[in-house]
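What follows draws every value from the coordinates through simple rules; no lab data is involved. This one's a predicted model, so the numbers in the text were calculated from it and none came from an experiment. Positions of Cβ are generated from backbone atoms using ideal geometry, with glycine treated the same way; all protein chains shown enter the neighbour counts.
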Amino acid sequence: MRKIILLHTGGTLGMAPSGDPVALAPGPFLDHLLEQVPELGQLAQLAVEVPFNQDSACLEPADILELARRVRGAGSDFDGFVIIHGTDTMAFTASVLGFLLADLGKPVVLTGSQRPLAFVRSDARSNLVNAVDLACRAIPETGICFGTHWLRGVATDKLSVSLFEAFQSPNLAPLAEIGAEIRLHPDAGQFERRVPAGLGAALELGIHTLTPHPGMPWSPVHAGAKAVLIQAFGAGNLPMDRSDLRSLVEDCARRQLPVVVTSQCPHGGVDLSAYEMGRKIEALGAISGGLHTRWTALAKLGLVLGAGGGIDEVRTAFGVQWAGEPMPDGAWPQT
């Protein structure tokens, strides 16, 4: 049997019916899982670690980097990894780990649930079984297993707070479709790994993030910001006729702060050359986020900044596919 380690970080799956976390040491927690979901023991030889046990809304950069270190440190001892994680920030963790573990050569499967395992009507059992099954299949991908799909981590976003199909991969077909059988995409695990060396010592998230709406005033970026991420309209449109917005972008250029533009739309992405308003902000030095989701853009930006990179390094990073993230000229077709 393959050896799989479960890294439990908290979230809804492990909560008691009261909504409080189940505070168990690794051994008792594994016993608890096998009692509730005995079929897990038929799939793999399991071990459990509890790096931390908290609501994923409280996640900090150090927590994600610790997960990456733990997976790396145990890489030679296990055939696959399952990370139990809260849904709120799972897509961000999956994006960071998708970059940092791109060359691991083993499956890393993030999962969780919309209802606790202790509930009768819960998606936790099926998500756990499917995640462990996928972790046994030797597909070198980092992705989210939830509902009926396994999605590449650097292409995902949370879709719903209540549906069991809680995540989507809007610009990339799933790694696997899960039903009576698990149907793997023929290209799962097949992507060029071009993550720059030297990433992962730090994750700099002092990033000023803006989601504009009509009539919004554009205030100067605060002194401590390291970069700006704007979730623009459509293909990257912004009200560039506003003097306060132009002043903000010009001030960022003077201060050597990267400005990355993504889209508020989940499907499709940014093309700053498509419309006049996009061309105007691009002329001021803004960087297109292309098909990056908000979480993948934040992860890539945070890793570049954490490694000491500036505008030039950020511009290069968003023009290159690091770990299978969708790019305008290289995405899988949707199914």
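For the range 221-240, a residue qualifies if it is farther than 18 Å from Ile311 by Cα and among the aliphatic types (A, V, I, L, M), and the qualifying residues are Ala232, Ala235, Leu238, Met240.
Scanning the range 136-171 for residues that are out of contact with any Ser or Thr (no Cβ under 7 Å at 6 or more places or on another chain), over 22 Å from Arg115 (Cα atoms) and either crowded, with 24+ Cβ neighbours inside 10 Å or among the polar types (S, T, N, Q) (or both) turns up Glu141, Thr142, Asn171. When the range 257-296 is filtered for residues that are in contact with a strand residue (DSSP E or B) (Cβ under 7 Å, 6 or more places away or on another chain) and of a type in the set (Ser, Thr, Tyr), the ones remaining, listed by number, are Thr262, Ser263, Tyr275, Ser288, Thr293.
Can you spot a residue in the range 43-52 that is surrounded by fewer than 14 Cβ atoms within 10 Å (Cβ to Cβ) and not acidic (Asp, Glu)? Checked against the condition, which is being surrounded by fewer than 14 Cβ atoms within 10 Å (Cβ to Cβ) and not acidic (Asp, Glu), the range 43-52 yields at least one hit.
Do the conditions hold for Ala201, that is, is it free of Cβ contacts under 8 Å to residues at least 24 places away in the same chain, assigned to a loop (DSSP other than H, G, I, E, B) and more than 17 Å from the chain's Cα centre (by Cα)?
On the way: free of Cβ contacts under 8 Å to residues at least 24 places away in the same chain: no; assigned to a loop (DSSP other than H, G, I, E, B): yes; more than 17 Å from the chain's Cα centre (by Cα): yes.
No.
Leu284 fulfils the conditions (1) surrounded by fewer than 18 Cβ atoms within 10 Å (Cβ to Cβ); (2) closer than 22 Å to Val96 by Cβ except for a single criterion, (2). Under the condition of being out of contact with any helix residue (DSSP H, G or I) (no Cβ under 7 Å at 6 or more places or on another chain), part of a loop (DSSP other than H, G, I, E, B) and of a type outside the set (D, E, K, R), the residues counted in the range 135-194 number 24.
Identify, from the list Ala232, Ala188, Ala253, the residue that is among the hydrophobic types (A, V, I, L, M, F, W, C), farther than 19 Å from Glu276 by Cβ and under 23 Å from the mean Cα position of the chain (by Cα). Show your work before the answer.
Working: Ala232 fails: farther than 19 Å from Glu276 by Cβ; Ala253 fails: under 23 Å from the mean Cα position of the chain (by Cα).
None of the others qualify; the one that does is Ala188.
Please identify the pairs in which a residue from the range 221-238 that is without any contact (Cβ under 8 Å) to a residue 12 or more places away in the chain and aromatic (Phe, Trp, Tyr) has its Cβ atom under 7 Å from the Cβ atom of a residue that is surrounded by 22 or more Cβ atoms within 10 Å (Cβ to Cβ) and in a loop (DSSP other than H, G, I, E, B), counting only partners at least 6 apart or on another chain. Cβ pairs passing all conditions: none.
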